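Student: Take a look at this one; I'll ask things after.
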Amino acid sequence: MTRFSAFLLALTLGASLAATGCNAREPGKQTVSTAPAAGQPANPRVLIETSKGNITVELFRGNAPISTENFLKHANSGFYDGTIFHRVIPGFMVQGGGMLPDMTEKSRGATIQNEADNGLKNLRGTLAMARTMEPHSASSQFFINVTDNYFLNHRGKSVEGWGYAVFGQVVDGMDVVDAIVAVPRGNRGPHGDVPLEAVMMKKVTVIKQD
């Protein structure tokens, strides 16, 4: 069993529930501010150059400092360059950040604390940390929600209730995300919902800000 097979099972079941009507509502809004505190620098932004186009994301350092620093570390080291979006599920999410085009997994390094209790919701366009069924197992992989996935939100500090930590938001290029989630997909060995033509993260760069 691969590292994210349990993650796939849980999220696919949840996505099926969402498709039955849980998301039949107006797009949600965050009820927690993501603006930097007074006197703090602007939220970092990262450019993800993909084979389908560019995506710019803003990271919520004040809300999810551990997840943000983890993502910035992987971006600055070049870890994400040459990886793929290896799982795409229409009406749900696109996932990447750890697999190469031949579907081998890069060495994932240390895991981080789950910050899903920060009050941020898994709404369309948000970035969240991917993990196994163990709440604090996230490392490099992340996903972008393509719809409001309320069932992924934090409900309590139990294995079942921890949820998935939101740490950022797409601020430009959501049309690219929609193009990625629409690509034809199939099975590659034990992996399901894999794009039949690799969707590359060619380069991931932290944008310098004044």
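Student: Counting other beta carbons within 10 Å of each Cβ, put PHE71, PHE151 in order, fewest first.
Tutor: PHE151, PHE71
Student: For region 156-198, what class follows from the C-alpha gyration tensor (a ≥ b ≥ c being the square roots of its eigenvalues): rounded when a/c is under 1.5, otherwise prolate if a/b is larger than b/c, else oblate?
Tutor: Since a/c reaches 1.5 but b/c is at least a/b, the shape of region 156-198 is classed as oblate.
Student: Using a cut-off of 15 Å between beta-carbons, work out the net charge of the residues near PHE60 (Lys and Arg +1, Asp and Glu -1, PHE60 not included).
Tutor: 0
Student: Can you give the FRET efficiency to the nearest 0.05 for LYS208 and ALA35, using r as the Cβ-Cβ distance and R₀ = 30 Å?
Tutor: Taking R0 as 30 Å, the efficiency between LYS208 and ALA35 is 0.90.
Student: Moving on. Quick one: how many lysine pairs in region 14-156 have C-alpha atoms under 27 angstrom apart, if they're 8 or more apart or on different chains?
Tutor: 6
Student: Give the aspartates and glutamates whose C-alpha is closer than 13 Å to that of LYS203, dropping any in the same chain fewer than 8 places away, or say none.
Tutor: Within the straight-line cut-off, LYS203 pairs with GLU49, ASP81.
Student: Further question: Quickly rank 44-56, 136-148, 91-103 as a protection proxy: mean count of other C-beta atoms within 10 Å, highest first.
Tutor: Top of the packing list down: 136-148, 91-103, 44-56.
Student: Still on this structure: For the chain, calculate the relative contact order in percent as a whole number, restricting contacts to Cα pairs under 8 Å that are 6 or more residues apart.
Tutor: 29 percent
Student: Another one. With Cβ to Cβ distances under 14 Å as the rule, what net charge do the other residues near HIS154 carry (K, R +1; D, E -1)?
Tutor: Value of the local net charge: +1.
Student: In addition: Please label the shape of region 22-81 as rounded, prolate or oblate, based on the square roots a ≥ b ≥ c of the eigenvalues of the alpha-carbon gyration tensor (a/c under 1.5 means rounded; beyond that, a/b larger than b/c means prolate, else oblate).
Tutor: oblate
Student: Still on this model: For the chain, what does -39500 (n - 2.57) per DSSP helix run (n ≥ 4), summed and divided by total residues, give at 222 nm, in deg cm²/dmol to the nearest 500?
Tutor: One gets -5000 deg cm²/dmol as the mean residue ellipticity at 222 nm.
Student: Another one. With no solvent and one point on each alpha carbon, what is the Debye value of log10 I(q)/I(0) for region 61-117 at q = 0.16 Å⁻¹?
Tutor: Those come out to -0.61, one per q.
Student: Starting with the fewest neighbours, write out VAL194, VAL206, VAL166, VAL57 ranked by other beta-carbon atoms found within 10 Å of each beta-carbon.
Tutor: VAL206, VAL194, VAL57, VAL166
Student: If I model a spin label at MET174 and ASN187 as a point 7 Å from the Cα along the Cα→Cβ vector, what separation in nanometres do I get?
Tutor: Between MET174 and ASN187, the simple spin-label model gives 3.5 nm.
Student: Quick one: net charge around THR34, please, counting Lys, Arg +1 and Asp, Glu -1 for every other residue with C-beta under 10 Å from its C-beta.
Tutor: Net of charged neighbours comes to 0.
Student: Turning to a different aspect of this structure: If we count other beta carbons within 10 Å of each Cβ, what is the order of TYR150, TYR80, TYR164, fewest first?
Tutor: Final ranking by Cβ density, sparse to dense: TYR150, TYR80, TYR164.
Only the coordinates and a few stated rules stand behind these numbers; no lab work does. It should be emphasised that the depicted structure is a prediction, and the values quoted were computed from it without experimental measurement. When we count neighbours, we look across all protein chains shown, and the Cβ atoms used for this are built from the backbone with ideal geometry, even at glycine.
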